[in-house]
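*Asks:* Below you will find the structure I want to go over with you.
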Amino acid sequence: MMFKIGDTVVHPQHGVGHVTKLEDRSFEPGVTRRYYEISIPGGSTVWVPVDLPSSGLRRLADRSELIHCREILEAHPSPLAEDGRIRQSGLAIRLKQGTITAHCEVVRDLFAYSAHRPISGPIAAFLQATQGVLCQEWALVEGITLSAATYEVGLLLEKSRLSLKASKALALASEKL
């Protein structure tokens with residue numbers, strides 16, 4: 001996928017930004033590659049190799065994609081691995097798929113996981129950053145404030161959590177019968 005200077009893009013870890021230039025850079029001795037320079041609001045710059053499709057860099061979602069995203073955020077979450085390294089690696093791989101739907105699934109699944117297991121440290125920071133990136137994009141696509149997007153995404157995640165809780169209660173009740 002080729003981006004042009006001025007394109008609005010989403011980086012899975014750093015958020016929404018703009019391609020400001022294409023440049024050959026050498027970050028490793030003796031290795032020169034072509035990079036996108038991505039300017040992230042707040043003053044950050046991210047360099048993403050042009051020839052690395054697994055970076056997760058993608059175009060901003062369409063409004064029509066958010067309809068499906070709402071369904072994903074409300075749906076039953078998928079279980080996550082109990083081993084922290086495996087869980088973190090799996091979530092990062094899913095984000096690098098470079099789709100907003102994968103982003104929604106990661107946020108939903110990690111949010112649900114945090115409901116039954118207290119999270120802290122790197123995994124809590126990962127959830128916060130990933131949800132923050134999703135809300136930034138949501139706000140931009142919908143043309144609403146970041147706080148309104150955060151509120152809507154939070155409501156959808158709560159629906160998913162409550163639905164999962166109700167399913168577990170039903171399963172327990174039917175086991176007792």
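*Asks:* State the label only: which of (i) 30, 24, 17; (ii) 26, 22, 17; (iii) 34, 19, 13 corresponds to semi-axes √(5λ) of the Cα gyration tensor in Å computed from the shown model?
*Replies:* From the options (i) 30, 24, 17; (ii) 26, 22, 17; (iii) 34, 19, 13, the structure gives (iii).
*Asks:* Kindly report, to the nearest 10 Å², the accessible surface of His103 as traced by a 1.4 Å probe over protein heavy atoms only.
*Replies:* 10
*Asks:* How much length is gained if the chain between Arg33 and Trp47 is pulled fully straight, taking 0.36 nm per residue apart and subtracting their Cα-Cα distance, in nm to one decimal? Before the final figure, lay out the partial values.
*Replies:* Values: separation 14, 0.36 × 14 = 5.04 nm, distance 1.07 nm.
The span from Arg33 to Trp47 would gain 4.0 nm if fully extended.
*Asks:* Need one word for region 52-113: rounded, prolate or oblate. Basis is the Cα gyration tensor (sqrt eigenvalues a ≥ b ≥ c); a/c below 1.5 gives rounded, then a/b vs b/c decides.
*Replies:* Details: a/c = 3.83, a/b = 1.20, b/c = 3.18.
Judged from the Cα gyration tensor, region 52-113 comes out oblate (a/c at least 1.5, b/c at or above a/b).
*Asks:* With the full set of protein chains in place, find how many percent of the accessible area of the chain is carbon and sulfur; take the probe as 1.4 Å. Intermediate results must be reported in sequence, preceding the final value.
*Replies:* Values: 5670 of 9870 Å².
After summing per-atom areas, the C and S share lands at 57 percent.
*Asks:* Hey, another quick one. For the full complex of protein chains and a 1.4 angstrom probe, list Glu28, Glu105, Glu37 by accessible area with the highest value first.
*Replies:* Values: Glu28 95, Glu105 60, Glu37 30 Å².
Ranking Glu28, Glu105, Glu37 by accessible area, largest first, yields Glu28, Glu105, Glu37.
*Asks:* Which order, highest average first, do 74-80, 119-125 follow once you tally other Cβ atoms within 10 Å for each residue and take the mean per peptide?
*Replies:* Details: 74-80: 15.6, 119-125: 12.3.
Ranked from most to least packed, the peptides come out as 74-80, 119-125.
*Asks:* Given the protein chains as shown and a 1.4 Å probe, how many square angstrom of His18 are accessible, to the nearest 10?
*Replies:* My reading of the accessible area for His18 is about 80 Å².
*Asks:* For Ile86 and Gln128 in the same chain, what is the full-extension length gain: residue separation times 0.36 nm, less their Cα-Cα distance, in nm? Before the final figure, lay out each step's value.
*Replies:* Working: separation 42, 0.36 × 42 = 15.12 nm, distance 1.89 nm.
Gain in length upon complete extension: 13.2 nm.
*Asks:* Right, another one. Could you sort Lys4, Lys159, Lys21 by their accessible area in this structure, using a 1.4 Å probe and putting the largest first? Each step should come with its number before you reach the end.
*Replies:* Working: Lys4 135, Lys159 115, Lys21 80 Å².
Result of the area sort, largest leading: Lys4, Lys159, Lys21.
*Asks:* Using a basic spin-label model with each label point 7 Å from the Cα along Cα→Cβ, how many nm lie between His76 and Arg59?
*Replies:* Between His76 and Arg59, the label points sit 3.5 nm apart.
*Asks:* Now, a different point. To the nearest 10 square angstrom, how much accessible area does Ile5 have with a 1.4 angstrom probe?
*Replies:* Counting only protein heavy atoms, the figure is 110 Å².
*Asks:* If you don't mind, there's one more thing I want to ask. Please work out the average accessible area per residue across the chain, using the 1.4 Å probe convention, and give it in Å².
*Replies:* Working: 9870 Å² over 177 residues.
With all protein chains present, the chain gives 56 Å² per residue.
*Asks:* List the chymotrypsin sites (Phe, Trp or Tyr not before Pro) within region 67-129 that DSSP assigns to loop and that have no more than 11 neighbouring Cβ atoms inside 10 Å.
*Replies:* In loop regions of region 67-129 (DSSP not H, G, I, E or B), there are no sparsely surrounded chymotrypsin sites (Phe, Trp or Tyr not before Pro).
The values are calculated or read from the model by the stated rules, or taken from the named source; none is laboratory data. Note that the structure is predicted; figures quoted are calculated from it, not measured. Heads up, the Cβs are rebuilt from the backbone with ideal geometry, glycines too, and the neighbour counts pull from every protein chain shown. These accessible areas exclude ligands, DNA and RNA; they are computed on the full protein's heavy atoms, side chains included. Shrake-Rupley method; radii C 1.70, N 1.55, O 1.52, S 1.80 Å.
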